[in-house]
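**Student:** Below is the structure I would like to discuss, written out as structure tokens.
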Amino acid sequence: MNYRITLKGIATHNLKHCDVSLPLGKLITVSGVSGSGKTSLVFHTLHAESYRRYIDSLSSFARQYLKSMPKPLIKEAHGLPPSIAVKQGTGGYNWRSTVGSFTEISHLLKVIFSYECQVVCPNGHGSLYTDTEDSIAKYLQAHYHNTQITIEAPLKKLMNSALPENRNNPLINMITFLKEQGFVRMRNPEGKILRLGQLDVKNQESIGDPSLCRVIIDRFNVTKDNTPRMTDAIRSALAIGKGRLDIRDHQENNKQFQTYLACGQCDFQAPPPSIHLFSTQHPLGACEVCQGFGQASLWDWDKIIGNAENVTHLDFFKKPAAKYYYQAFLAEFKQKISPHKKLANYSAQDYHWLKWGCLAARDLADESFDAEPAKTQ
């Protein structure tokens, strides 16, 4: 049986007693010239009557939270199911809006880019990488199986951190902290192993640069039976090394791991990828010049200086508000240049002082002394 929607005697807006019969379950297109009554038929009659009947079937408590629609001008309506109408409209926007932000596609792209991006060292040393406790353990099992290794933690970041008690002598502070944590040995910058209990902290030359020393966390053979021990040593080394540890095998070969984005050659450290880095509306990702607006405010010196003979005739000072700072400008300006000196005789340094005043002594990256002066007549 073919079910249909039947509308008779439609008189909504500019429709004059029209009868319409529409099949259910079919894709229907209503077309016509502007003003022919397409919206009046579909939204103001068909959807309005269907919505009104559905609302009337609900309780009075539910109806108070739903929007009501006026009853359309129609004589008969049969076969109307509940309907949903999606109308065309314009939403709010600002100068930062783009097609991607308005359609919210850029939100999805930001998430994808933050996970799939590749961070590269700006000094040309290749991609930066990070490690985790699990990835380090898997690497050791794969490359150091049945090999004796030593897990060490660099002390550079520990020395720079704020440890308690003796802040005037960070070396004593660090050695005391390591002893309290149960560590016994450390390796100096020359590779010599020293016992923490026998160190002469007053003779720093015997220890070397403490920031280049490494505390020995554990030494063992990499086997499956030692997996829990290896995991505990990795976790302790990353805690003492502030996200960094070293692996040394029996041949004194060294391998470094880190849980933060850093270059192993130049120690450049980058922040972890974030969706804000790919957002033009966030300070981290916005353009430094336009701040995500797509427009930048720049000085138009041709309009400011114009065709004036000297600074007292600048069009800039013909503005009504200029009377509040005109005298202060002249008092400051004449310390370097006579206000009656013709602009045509200005040197590059003079123009620099005219534009920037007390900032002229600074090294401005966007302004140079050899810039062409403004044209005068």
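**Student:** Do you know which residues across the range 137-180 are part of a loop (DSSP other than H, G, I, E, B) and modelled with pLDDT of 75 or more?
**Tutor:** Of everything in the range 137-180, those that are part of a loop (DSSP other than H, G, I, E, B) and modelled with pLDDT of 75 or more turn out to be Tyr144, Asn146, Thr147, Leu155.
**Student:** Within the range 100-119, take every residue that is more than 16 Å from Leu277 (Cβ to Cβ) and not in a helix (DSSP H, G or I) and give me the one that is least open to solvent (accessible area, probe 1.4 Å).
**Tutor:** The residue in question is Thr103.
**Student:** Taking Lys38, is it in contact with a Gly (Cβ under 6 Å, 6 or more places away or on another chain), over 30 Å from Phe293 (Cα atoms) and of a type in the set (Lys, Arg)?
**Tutor:** Yes; evaluated as a whole, the condition is true for this residue.
**Student:** Okay, next question. Taking Leu277, is it at pLDDT 80 or above, assigned to a helix (DSSP H, G or I) and either open to solvent by 50 Å² or more (accessible area, probe 1.4 Å) or more than 30 Å from Asn188 (Cβ to Cβ) (or both)?
**Tutor:** Answer is yes for this residue.
**Student:** In the range 80-89, which residues are under 11 Å from Glu49 (Cα atoms) and open to solvent by 40 Å² or more (accessible area, probe 1.4 Å)?
**Tutor:** Result: Pro81, Pro82, Ser83.
**Student:** What number of residues within the range 340-358 are within 19 Å of Gly306 (Cα to Cα) and part of a helix (DSSP H, G or I)?
**Tutor:** Count: 13.
**Student:** Restricting attention to the range 120-138, which residues are open to solvent by less than 70 Å² (accessible area, probe 1.4 Å) and either over 30 Å from Thr280 (Cβ atoms) or in contact with a Ser or Thr (Cβ under 7 Å, 6 or more places away or on another chain) (or both)?
**Tutor:** Those that are open to solvent by less than 70 Å² (accessible area, probe 1.4 Å) and either over 30 Å from Thr280 (Cβ atoms) or in contact with a Ser or Thr (Cβ under 7 Å, 6 or more places away or on another chain) (or both): Asp131, Glu133, Ser135, Ile136, Ala137.
**Student:** May I ask you to list the residues in the range 44-57 that are open to solvent by less than 50 Å² (accessible area, probe 1.4 Å) and more than 17 Å from Ile5 (Cβ to Cβ)?
**Tutor:** Hit for the range 44-57 is Ile55, nothing else.
**Student:** Another question, then. Anything in the range 337-357 that is small (Gly, Ala, Ser) and closer than 15 Å to Leu314 by Cβ? List them, or say none.
**Tutor:** Ser338, Ala344, Gly357
**Student:** Under 9 Å between Cβ atoms, at least 6 apart or on separate chains: pull out the pairs that start in the range 71-82 with a residue that is of a type in the set (Val, Ile, Thr) and end on any residue that is outside any loop (DSSP other than H, G, I, E, B).
**Tutor:** Ile74/Leu7; Ile74/Lys8; Ile74/Gly9; Ile74/Ile10; Ile74/Thr45; Ile74/Glu49
**Student:** Could you please tell me which pairs satisfy a Cβ distance under 8 Å, a separation of 6+ or placement on different chains, a first residue in the range 239-261 that is farther than 24 Å from Pro272 by Cα, and a second residue that is loosely packed, with under 15 Cβ neighbours inside 10 Å and of a type in the set (Gly, Ala, Ser)?
**Tutor:** Pairs that qualify, where the first residue is farther than 24 Å from Pro272 by Cα and the partner is loosely packed, with under 15 Cβ neighbours inside 10 Å and of a type in the set (Gly, Ala, Ser), are Glu252/Gly191.
**Student:** Can you find, within the range 1-16, the residue that is nearest to Lys87 (Cα to Cα) among those that are out of contact with any helix residue (DSSP H, G or I) (no Cβ under 6 Å at 6 or more places or on another chain) and free of Cβ contacts under 8 Å to residues at least 40 places away in the same chain?
**Tutor:** Once the filter is applied, the top-ranked residue is Asn14.
**Student:** Right, here's the next one. Before we move on, is Ser368 of a type in the set (Gly, Ala, Ser), assigned to a loop (DSSP other than H, G, I, E, B) and either at pLDDT below 80 or under 25 Å from Val289 (Cβ atoms) (or both)?
**Tutor:** So Ser368 fits the description; yes.
**Student:** Suppose we filter the range 294-339 for residues that are charged (D, E, K, R), open to solvent by less than 80 Å² (accessible area, probe 1.4 Å) and outside any helix (DSSP H, G or I); how many remain?
**Tutor:** Residues meeting the conditions: 1.
**Student:** Inspect all residues belonging to the range 283-290 and state whether any of them is in contact with a helix residue (DSSP H, G or I) (Cβ under 6 Å, 6 or more places away or on another chain), modelled with pLDDT of 85 or more and either part of a loop (DSSP other than H, G, I, E, B) or under 30 Å from Ala239 (Cα atoms) (or both).
**Tutor:** yes
**Student:** Related question: Would you confirm whether any residue within the range 28-38 is touching a residue at least 60 places away in the same chain (Cβ under 8 Å) and open to solvent by 70 Å² or more (accessible area, probe 1.4 Å)?
**Tutor:** For the range 28-38, residues touching a residue at least 60 places away in the same chain (Cβ under 8 Å) and open to solvent by 70 Å² or more (accessible area, probe 1.4 Å): absent.
The values are calculated or read from the model by the stated rules, or taken from the named source; none is laboratory data. Note that the structure is a prediction, hence the values are computed from the model and not measured. FYI the Cβ positions are ideal-geometry reconstructions off the backbone, even for glycines, and counts take in every protein chain you see. Surface accessibility is based on the protein's heavy atoms, side chains included, excluding ligands, DNA and RNA. Shrake-Rupley method; radii C 1.70, N 1.55, O 1.52, S 1.80 Å.
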